[in-house]
Amino acid sequence: MDINQLSELFKLSNMMKQRNQELREMFKKFIKPNLLIRVMEEIREMPEFIDIVVKYNCYPLQLKAILALGSEDMDFDICFNLAMINWYLLLSVKDEDKHEYYHNNNYIQDIKLRTIEQCRLRQLIQNVEERNFALVHAPINYSIHCMVNFLLTHVNDNLRKKNRTSVPNANYKINSLIVMLKNIRSILLLTESDNCGSAFSLLRALIESMFVYFTIYDNETVANEYYKFMEYRIAYEEGGQYPQNFIDILPKNVQTQNYLNYGWLDSIQKKERKYTFTEVVEYCRIANKNYKDSYLTAYKYCCKFAHGNYIKQIINPYSFIWILEKTGRILLYLAEEFSFIFQEKVVFNDVDLETYLTESVNEAIEVFNKINTETENSA
């Protein structure tokens, strides 16, 4: 090796050291810096990671300035995912106790494999990653982003290709799925912008939309009546007055706004009622009573934050986990509906997105409960 080659080797070595130091500084709030670099380097050598780089072309194979760290850089992406997964899993662990996890081989292997799985799915979140919110890479956020982007892309692909479906009331179902998926994407944006107060309000709307969806479901007659009441609402919101054809059918001794919201229920069964959300829940075709009750409770809790009331409320700094756990469970229902309507599996780069999201949602409630328990014990 001549002097010029040796000089280039030293330059390369120094540049790699500088890159690693930059990565340490970027993510030191989320993971022990030296652990980050060690695990990142080990991940790069793992067959599971090499496989996704080669098989799925997850990273652009092009010459770049070696110091150009960014979302397209492989080391940066590994570290970003690794740091946020570690941060998320240890939210309930005191700083002085985290070393026990860092010396636990099972824990290190777990975060390695989870990092590789998120890297495998990175193409599903590149559009949101540009916002550069760290929370995008937390497991619950990441899994929801992947599912939402997959479903919206594939629904639109089916519509563009004019793929027909034989399911009853298909237009209503597909339109409703698109609206709810976009709502979920907005909830993600708000939680990642540290605006959980507004996210509560959107979750409330999402819960209502889900119950309305499973109440109307196959019944095109009810769907048409629902659309008619939506037109009444649009006319009221645009003109500030209730339209005359709505006034003409308004029952006596009923709150006008309640009837505007839920008057379409009469097309299911004509009877004396108060026209409230709880009546929608009663008609909903979801059979699991515990599930219904849990979401009705969540709906009422979200109502506390509606219309800006959250300004006077103390919001738990980890409320985003609770919000996204509820959101994620609704998203799983929507994924099942997508598969039923279009007869298409929810799989990307050999990852079953339903299983992936189910695991993240189940883990989210465990993480949230652990944080609350630790907070109560510290009080």
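Using 0.36 nm per residue, how much length does the chain from Y318 to A170 gain when fully extended, once their Cα-Cα distance is taken away?
Numbers: separation 148, 0.36 × 148 = 53.28 nm, distance 3.79 nm.
Once the chain is fully extended between Y318 and A170, it gains 49.5 nm.
With each label modelled as a point 7 angstrom along the Cα→C-beta vector, the N290-E238 pair spans 4.7 nm.
Distance between the 7 Å Cα→Cβ label points at M230 and T358: 3.1 nm.
Across the stretch 153-167, rounded Karplus estimates of 3J(HN,Hα) from the backbone phi angles (6.51 cos²θ - 1.76 cosθ + 1.60, θ = phi - 60°) give 4, 7, 4, 5, 4, 5, 5, 5, 7, 6, 5, 7, 10, 9, 5 Hz, Gly and Pro being marked x. So how far, in whole Å, is the C-alpha centre of the stretch 133-204 from the one of the stretch 283-304? Centre-to-centre (Cα) distance: 20 Å. Set against the labelled values [x] 103, 62, 37; [y] 95, 57, 38; [z] 65, 64, 43, Cα extents along the principal axes in Å computed from this structure falls on [y]. Here the dipole of the chain is about 860 debye; that uses its Cα centre as origin and unit charges on the Cβ of Lys and Arg (positive) and Asp and Glu (negative). Normalised by the number of residues in the chain, the average gap of Cα pairs under 8 Å and 6 or more apart makes the relative contact order 18 percent. Couplings for the stretch 46-53, taken from phi via the Karplus curve 6.51 cos²θ - 1.76 cosθ + 1.60 with θ = phi - 60°, read 6, x, 4, 7, 4, 4, 6, 5 Hz in order; Gly and Pro are left as x. Net length available on complete extension from N245 to E336 is 29.0 nm, with 0.36 nm assigned per residue and the Cα-Cα distance removed. Each residue of the stretch 196-212 was assigned a 3J(HN,Hα) from its phi angle through the Karplus expression (A = 6.51, B = -1.76, C = 1.60, θ = phi - 60°), giving 5, x, 6, 5, 4, 5, 5, 5, 4, 5, 5, 4, 4, 4, 5, 5, 4 Hz with x at Gly and Pro.
Just so you know, all these numbers are worked out from the coordinates, no wet-lab data involved. In this text the structure is predicted, and so the values were computed from the model without any measurement. As a convention, Cβ positions derive from the backbone with ideal geometry for all residues, glycine included, and neighbour counts pool all protein chains shown.
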